[in-house]
Amino acid sequence: MSAARRFVRNPQAVASAALLALIIGAVLLAPALTAHQPGAAELGRAFAGPEAGHPLGFDSAGRDVWSRLLH
């Protein structure tokens, strides 16, 4: 049995490859998926929770976590 055939018959391998492709796609499209620069800091918003436009909130320096994660 060929390696490609074994891969396709393994649901965990297919799911893992799909998740990896999704992550790679998100990283490549990071500038289009984020509206904020990853290094832009707003100290007044440090540790702020999720809000509109900032789905993961802010870190200790007031930087957008979603933007930093993708970049």
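The values are calculated or read from the model by the stated rules, or taken from the named source; none is laboratory data. In this text, all values refer to a predicted model and were calculated from it rather than measured experimentally. Quick reminder, even Gly has a Cβ in these numbers, built from the backbone with ideal geometry, and neighbours come from all protein chains shown. When the accessible area is computed, the model is the full protein with side chains, heavy atoms only, and any ligands, DNA or RNA have been set aside. Shrake-Rupley method; radii C 1.70, N 1.55, O 1.52, S 1.80 Å.
The table below lists the values:
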item	result
Meets criteria (part of a loop (DSSP other than H, G, I, E, B) and surrounded by 12 or more Cβ atoms within 10 Å (Cβ to Cβ)) for A61	yes
Failed condition for L69, given (1) assigned to a loop (DSSP other than H, G, I, E, B); (2) surrounded by 10 or more Cβ atoms within 10 Å (Cβ to Cβ); (3) without any contact (Cβ under 8 Å) to a residue 24 or more places away in the chain	(1)
Evaluation of G39 against (1) assigned to a helix (DSSP H, G or I); (2) in contact with a helix residue (DSSP H, G or I) (Cβ under 9 Å, 6 or more places away or on another chain) (one fails), failing number	(1)
Every pair of residues 6+ apart whose Cβ atoms lie under 9 Å, when the first sits in the stretch 27-55 and is touching a residue at least 12 places away in the same chain (Cβ under 8 Å) and among the hydroxyl-bearing types (S, T, Y) while the second is open to solvent by less than 90 Å² (accessible area, probe 1.4 Å) and not in a helix (DSSP H, G or I)	T34/D64
Failed item, numbered, when I24 is tested on (1) surrounded by 10 or more Cβ atoms within 10 Å (Cβ to Cβ); (2) in a loop (DSSP other than H, G, I, E, B)	(2)
Subset of the stretch 36-71 (residues that are among the acidic types (D, E) and over 14 Å from the mean Cα position of the chain (by Cα))	E42, E51, D59
Residues within the stretch 1-17 that are loosely packed, with under 10 Cβ neighbours inside 10 Å and not charged (D, E, K, R), tallied	6
Every residue from the stretch 27-51 that is closer than 12 Å to L70 by Cα and exposed (fewer than 11 other Cβ atoms within 10 Å of the Cβ)	A32
